[in-house]
1. Compute the distance in nm between two label points, each set 7 Å from the Cα along the Cα-to-Cβ direction, one at SER237 and one at VAL256.
2. Given LEU178, ASN284, ASN42, which one lies farthest toward the positive end of the charge dipole of the chain, if we put +1 on the Cβ of every Lys and Arg and -1 on the Cβ of every Asp and Glu?
3. Taking the beta-carbon count within 10 Å as an exposure proxy, list THR36, THR348 from fewest neighbours to most.
4. Quick one: putting +1 on the C-beta of Lys and Arg, -1 on the C-beta of Asp and Glu, what dipole do you get for the chain around its Cα centre, in Debye to the nearest 20?
5. Cα axis of helix 62-90 to longest principal axis of the chain: angle in degrees, 0 to 90, nearest 10?
6. Quick one: Cα centre-to-centre distance for region 168-202 and region 28-94, in angstrom?
7. Using Stokes-Einstein with the Kirkwood hydrodynamic radius over Cα pairs, what translational diffusion coefficient do you get for region 99-244 at 37 °C and a viscosity of 0.692 mPa s, in µm²/s rounded to a whole number?
8. Taking K and R as +1 and D and E as -1, what net charge do the other residues with C-beta under 14 Å from the C-beta of LEU248 add up to?
Amino acid sequence: MSTKNLAPNATYGYTGEQFKKFKKYAWLMLLSFGFTYLFFYNGRQNINLVMTHLQAEFASDLGTLGVVSSALFWCYAFGQLVSGRLGALIGYKRLMMIGVAASAVLNVAISFQNNLVVIAILWGLNGFVQAMVWANGVGVLNKWWPKEKRGFASGLATAFSGVAQVVTYLTINLCLALNPEWGWRAGFRFPMIPMVLILIAFYFFFKEKPEDVGLPAFQEADAELGAKDAAMELELSKRGFFYPYKLLFSEPKVIVFCLISAIAGIGRYGLLTWIPTYFMDELNLSVKEGIFSAIVLPLGQACAMFVFPFITDKVFKGKREPMLILASVVACAGLICFPMFTTKLPATIMLFVVGVFSMVTGVIWAIAGDMGGRAMSATVVGVLDWAVYMGAAIQASAFGFVQVKFGWPAIFITIGALYVVLMVLTLLARKMKMKNL
């Protein structure tokens, strides 16, 4: 955070020395969460990169493997629905650490299985524990980053998750190359080591709120917003576990953003799940070539997560919807054109473009922070991420069968059409006001 061009109250209620300390720890929380997440996808995206190995060993079709893959998404979705609220009650940091450690154990356990049903069950459990991390981490960041900086903070955190996808692609490819005799099992063993090692650093550096380092909670530059946050925190302390859900699901705008989030999940994970297999199947690339060609997808998504929230803060002055509309239009056009490119280089370039503009979740997390404030941001993020992964689960369950029956272009055209729906919903959401938040 910079003090340049800030209003007089923009030190957020701190003295000069307190503000220096606050800035230092705000950055430390953002980076410690980001670097923890940097290796977390090793235990989630790895299955997408060994799909052809699983197909060969279990003599299964892509439709069946899509259902296995979707087990994580279904369980992750419902885990997200409760994890933000659970973190608020039992401790964000504690729940996050349990999630990382349990995911590593479950991945290793999967690597020793010989039955697809057992793998699907363990993969579903892995989805539930993986859900313990994201909403709680974003909830903590909203206790360190005020509203006018929230787009940047949530965008950078989401960008780490985009880079994490690249790290996973590289890590799994390395493990497959070093341990070819293990086949798909290599992708579920060694990649867990950095997940566990980074957890040790996380334990020492991550703090949930300014009070944990001897600072008072920051005051919003907007005094009315700060008072609203304080009143909501007081109200939540008097209510039961389900009160925030009753409040949120009574808001039409939240419902609309759940639908927007679900489409974002279909777009993001529909591409991440099937693009590596598409390159190997349609363009006849080897596993190694397919993974390295497909890596531009998460690179593009990471770029979007760095750039989009920054644009919403600086160019659109905190208005998030215009970025969603612009991204939807370009993503739709790119997805419809993508299957027309049948050689490696043009397809790879177009994939990067699609990766950038299909990745709108970084903007969605900033919106979640705006809607929930410090008091409820973790719960709002959890609800919207539940919707994201409901979309992800639907695509994983359905798109394998869509490919078998209608071919690869049908997947990309379907996703492109959904981005048109996302644009319409965003135009609708722009005119909606929150009633109770």
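Readers should treat all values here as calculations from the given coordinates under stated rules, not as data from a laboratory. Predicted, not measured: the structure shown is a model, and the values here were computed from it. Cβ: placed from backbone, ideal geometry, glycine included. Neighbour counts: every protein chain shown.
1. Result for the modelled spin labels: 3.4 nm.
2. So the residue we want is ASN42.
3. On the way: THR36 23, THR348 18.
Ordered by Cβ neighbours within 10 Å, fewest first: THR348, THR36.
4. 1000
5. Helix 62-90 sits roughly 20 degrees off the main axis of the chain.
6. What the calculation gives is 15 Å, centre to centre.
7. Details: Rh = 18.4 Å.
The estimated diffusion coefficient comes to 178 µm²/s.
8. Counting the neighbours of LEU248, the net charge comes to +1.
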